[in-house]
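Data first, discussion second: the structure below is written as structure tokens.
Values quoted throughout were computed directly from the atomic coordinates according to the rules given, and no laboratory measurement underlies them. Everything quoted here is computed from the prediction, not taken from an experiment. Here the Cβ positions follow ideal geometry from the backbone for every residue, glycine too, while neighbour counts run over all protein chains shown.
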Number of protein chains: 2
Amino acid sequence: MQKSADMSVCVIGLGSMGFGMAASLLRAGFSVTGYDLNADAMARLVALGGKAGQNPAEAASGANVVLCVVVNATQTESALFGPDGAASAMAQGGVILSCATMPPDAARDFAARAEKAGQDYLDAPISGGAVRAAAGELTIMASGKAAVFTRVRPVLDCIATKVYELGEEAGVGAAFKIVNQLLAGVHIAAACEAITFAKAMDLDIAKVYEVITASAGNSWMFENRVPHILEGDYSPRSAVDIFTKDLGIISDMGRGMKFPTPIASMALQMFVMTAAAGMGRDDDASVARMIAGLAGLDLPGLER
Amino acid sequence: MQKSADMSVCVIGLGSMGFGMAASLLRAGFSVTGYDLNADAMARLVALGGKAGQNPAEAASGANVVLCVVVNATQTESALFGPDGAASAMAQGGVILSCATMPPDAARDFAARAEKAGQDYLDAPISGGAVRAAAGELTIMASGKAAVFTRVRPVLDCIATKVYELGEEAGVGAAFKIVNQLLAGVHIAAACEAITFAKAMDLDIAKVYEVITASAGNSWMFENRVPHILEGDYSPRSAVDIFTKDLGIISDMGRGMKFPTPIASMALQMFVMTAAAGMGRDDDASVARMIAGLAGLDLPGLER
């Protein structure tokens, strides 16, 4: 296995997830370059000891590993295979880890194009949020060749505490992540519907939180997001627009596959309503604010 | 506090929940009578050392405590206040614990009518399922006067490990239970949608279960119900019809309150579809069978 100092890693997309991963890699002694549209994010990377490039190709020049941590399939395609894309600029025989949530078909397409460019590809969606990204404690739901996992093991161990190896074929990692996002999105919408319904019945919603988290109605998302509502704090830990995107992928896939997704599609509409009301960039628990606005409820922080 | 031997308890409704509670009380030395439409259930109670009555009034004659463990508000009204109802037959100054899931308005109405009949009332919905009922390990989400809780403490301690005292007024316990059922019902429908969607993408659904239960997409219901699907075992631990009923209450309440419940209403329709396909009395994870039937998926036990 290679030592950290022998591996040069490029991180494309320095949002809260990508930046946290880059910082973890720098702490562990990797040589790290990065690119983001946001110059401030690149300046922060340089301040930590990394290097910035003017475009994905420049940032990835000579890198052994590229972590592509952008928002969706379109951005991934541009970052890897666009005119200034990373795939042909990195060292030959390198490894691309693609982390954005995307349809499995897109992951399969990108894996084939990476191979044509002489690179290996891991379909490697991530989960865990900004705090765990900064701590190097992500979960990775990945598929790809076993030998490729072995080659990038030092990088994986640095950014994640849990790495699922889900199969040899690209697309499997993407599909697992999509299933997780279906449930996560529905559970957030349900948590917001339930807690506002409780408020409409004049219940003590802090007590509702206590009882439900100890009962069969609990979910990981209910437990994690309802405190934002109780505190009236809608600063974005994860934004509404993430779920208009991810549940949108599921809705599109369902239509394409002729597979019904009524619950996910209804949850999608709740996020779209929340975005329509101007809260797309706010915390995804804002679905509760949207409902409270419609129904005239005095949630914490929203008292009229 | 009274000793068990001094308290006579009547259990009306000897389904899996009521029977488990009656058995727990008998084990603890209470004098227990019971009534159910099903003669077999009454015979089993007698076999354990209880007594049966020919109707609620006869079973409750002279009892200090009545546990009403029937299915809904209509049955509760009949059992307590009908022509052969328990409320006027039990000992004066007794306590009625009403355990069915019902709208808060119904609980308030029954509490007022119990008071007119000279009895105290706890609005005491239960949660936990048949196995925990049999073990005396239920959760009770209850409201009523603190002094009344104290009087029936020996009974509560015998049937439940967790008793939430949620307020002095009837209706609060019912409302908490309704919030729990909203979430539970949505989470079951979402679990069934997600696991069948995973199957439609050709994923290894046992692996999906392993990954999701360790991820942010998890819920108590996903963790509890998906094993039924993986094993192809739809014998009813809790039936589809429970959720057509409970989500139906929420849908009715929402319309009455002018409060939107889009996610719960969509989940309700999934249970109605499953009941329409003839699976109303089967396990509530049968929503996955309904979807698999539509989409031609080979779930375990359903291979064609």
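Annotations
- Estimated D of chain A in µm² per second, where Rh is the Kirkwood radius over Cα pairs and Stokes-Einstein applies at 10 °C, 1.306 mPa s: 79
- Distant-in-sequence amide H partners of A:S219 (H built 1.01 Å from N, under 5 Å): B:W220
- Only helices reaching 24 angstrom along their own axis (Cα) with mean Kyte-Doolittle hydropathy no lower than 0.5 count here, and for the DSSP H runs of chain B these are B:172-200.
- R0 of 35 Å, Cβ-Cβ distance B:A130-A:V131: FRET efficiency to nearest 0.05: 0.30
- The mean number of partner chain beta-carbon atoms within 10 angstrom of a residue's beta-carbon across peptide A:287-300 is 1.
- Each Lys or Arg adds one and each Asp or Glu takes one away; over the other residues whose Cβ falls under 14 Å from the Cβ of A:L230, this sums to -4.
- 18 Å reach of a label modelled at B:Q92, 7 Å along Cα-to-Cβ, counting backbone N of the stretch B:110-133: B:113-121
- In angstrom, the C-alpha Rg and Dmax of the stretch A:4-168 are 13.8, 38.
- Under the convention that each Lys and Arg Cβ holds +1 and each Asp and Glu Cβ holds -1, the size of the dipole of the stretch B:4-169 around its Cα centre is about 360 debye.
- Summing +1 for each Lys or Arg and -1 for each Asp or Glu among the other residues whose beta-carbon sits under 12 angstrom from that of A:S88 gives +1.
- Peptide ranges A:255-261, A:137-143, A:191-197 listed from the most packed, as the mean C-beta count within 10 angstrom indicates: A:191-197, A:137-143, A:255-261
- Averaged over the residues of peptide B:44-57, the number of Cβ atoms from other protein chains lying within 10 Å of each residue's Cβ is 0.
- Computed [θ] at 222 nm, deg cm²/dmol, the protein assembly as shown (DSSP H ≥ 4; -39,500 (n - 2.57); rounded to nearest 500): -15500 deg cm²/dmol
- Residue of B:A39, B:A175, B:A111 that the Gaussian network model of chain B assigns the largest fluctuation, springs spanning Cα pairs under 10 Å: B:A39
- For the peptide A:201-210, the mean number of other protein chain Cβ atoms found within 10 angstrom of a residue's Cβ is 4.
- Those lysines that a straight Cα-Cα span of less than 28 Å connects to A:K177, excepting residues fewer than 8 apart in one chain: A:K116, A:K145, A:K162, A:K245, A:K258, B:K199, B:K207
- Summary of the geometry: the stretch B:46-67 and the stretch B:204-228, compared by the centres of their Cα atoms, lie 42 Å apart.
- Rounded to 0.05, the FRET efficiency of the B:K116 and B:T74 pair, given R0 = 25 Å and the Cβ-Cβ distance, is 0.80.
- Couplings 3J(HN,Hα) for the stretch A:278-283, derived from phi with the Karplus relation 6.51 cos²θ - 1.76 cosθ + 1.60 (θ = phi - 60°), are x, 10, x, 9, 8, 4 Hz, where x marks Gly and Pro.
- The distance linking the stretch A:276-292 with the stretch A:126-178 is 30 Å (Cα centroid to Cα centroid, whole angstrom).
- Electrostatic bookkeeping for A:V211 treats Lys and Arg as +1 and Asp and Glu as -1; over the other residues with beta carbon under 13 Å from its beta carbon, the sum is -1.
- When only Cα pairs below 8 angstrom with a gap of at least 6 residues are kept, chain B shows a relative contact order of 13 percent.
- In plain terms, the chain from A:T161 to A:D6 could stretch by 53.6 nm, reckoned as 0.36 nm per residue minus the Cα-Cα distance.
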